[in-house]
1. Quick one: would you say residue 45 is within 28 Å of residue 86 (Cβ to Cβ), modelled with pLDDT under 95 and surrounded by 10 or more Cβ atoms within 10 Å (Cβ to Cβ)?
2. Tell me, yes or no, whether region 79-92 has at least one residue that is under 19 Å from residue 33 (Cβ atoms) and surrounded by 14 or more Cβ atoms within 10 Å (Cβ to Cβ).
3. If we keep just the residues of region 67-78 that are over 13 Å from residue 39 (Cβ atoms) and touching a strand residue (DSSP E or B) at 6+ places or on another chain (Cβ under 8 Å), which is surrounded by the fewest Cβ atoms within 10 Å (Cβ to Cβ)?
4. Give just the number: which of (1) surrounded by 15 or more Cβ atoms within 10 Å (Cβ to Cβ); (2) at pLDDT 95 or above; (3) in a loop (DSSP other than H, G, I, E, B) does residue 61 not satisfy?
5. Within region 56-71, is there a residue that is touching a helix residue (DSSP H, G or I) at 6+ places or on another chain (Cβ under 9 Å), under 11 Å from residue 96 (Cα atoms) and without any contact (Cβ under 8 Å) to a residue 60 or more places away in the chain?
6. Taking the condition of being in a helix (DSSP H, G or I) and more than 14 Å from residue 121 (Cα to Cα), how many residues in region 35-56 meet it?
7. The conditions are (1) under 16 Å from residue 40 (Cα atoms); (2) touching a residue at least 12 places away in the same chain (Cβ under 8 Å), and residue 100 fails exactly one of them. Which is it?
């Protein structure tokens, strides 16, 4: 057997058509979204019982899951639980991060941020 005997005939070339589809990302209503904001507690008495109650009542208006965390600690709590919210011990000047996941996440974060920025209507 010689080297010429080992040569294979050339393979036929086939032209592959260009793809005709493209990928698009589309948002569907009702699909889970995530939003977050960092806010500062500015009212003189901080996040005591009355503002905590207002926060929880306001958070309950949305379907999204809402968490609140303190960036200076590892504590993250359920924003719809007054007992957990009180555990944050958020005094005046404390930064909090509000995160919402769900179909109305952006509205929830905006509404809760507005409530905090209004000093819980105390001042």
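The values are calculated or read from the model by the stated rules, or taken from the named source; none is laboratory data. Just so we're clear, the structure is a prediction, and the values are computed from it rather than from any experiment. Here the Cβ positions follow ideal geometry from the backbone for every residue, glycine too, while neighbour counts run over all protein chains shown.
1. Details: within 28 Å of residue 86 (Cβ to Cβ): yes; modelled with pLDDT under 95: yes; surrounded by 10 or more Cβ atoms within 10 Å (Cβ to Cβ): yes.
When the stated conditions are applied, residue 45 passes them.
2. Going residue by residue through region 79-92, those that are under 19 Å from residue 33 (Cβ atoms) are 79-80.
Keeping just the survivors that are surrounded by 14 or more Cβ atoms within 10 Å (Cβ to Cβ) gives 79-80.
Yes, some residue in region 79-92 is under 19 Å from residue 33 (Cβ atoms) and surrounded by 14 or more Cβ atoms within 10 Å (Cβ to Cβ).
3. Initial filter on region 67-78 (over 13 Å from residue 39 (Cβ atoms)): 67, 72-78.
Filter again for touching a strand residue (DSSP E or B) at 6+ places or on another chain (Cβ under 8 Å), leaving 67, 72, 75-78.
On the way: 67: 18, 72: 9, 75: 13, 76: 14, 77: 18, 78: 15.
That would be 72.
4. That leaves (1) as the condition not met.
5. yes
6. Of region 35-56, the ones in a helix (DSSP H, G or I) are 49-56.
If we keep only those that are more than 14 Å from residue 121 (Cα to Cα) as well, we get 56.
Number satisfying all stated conditions: 1.
7. Answer for residue 100: the failing condition is (1).
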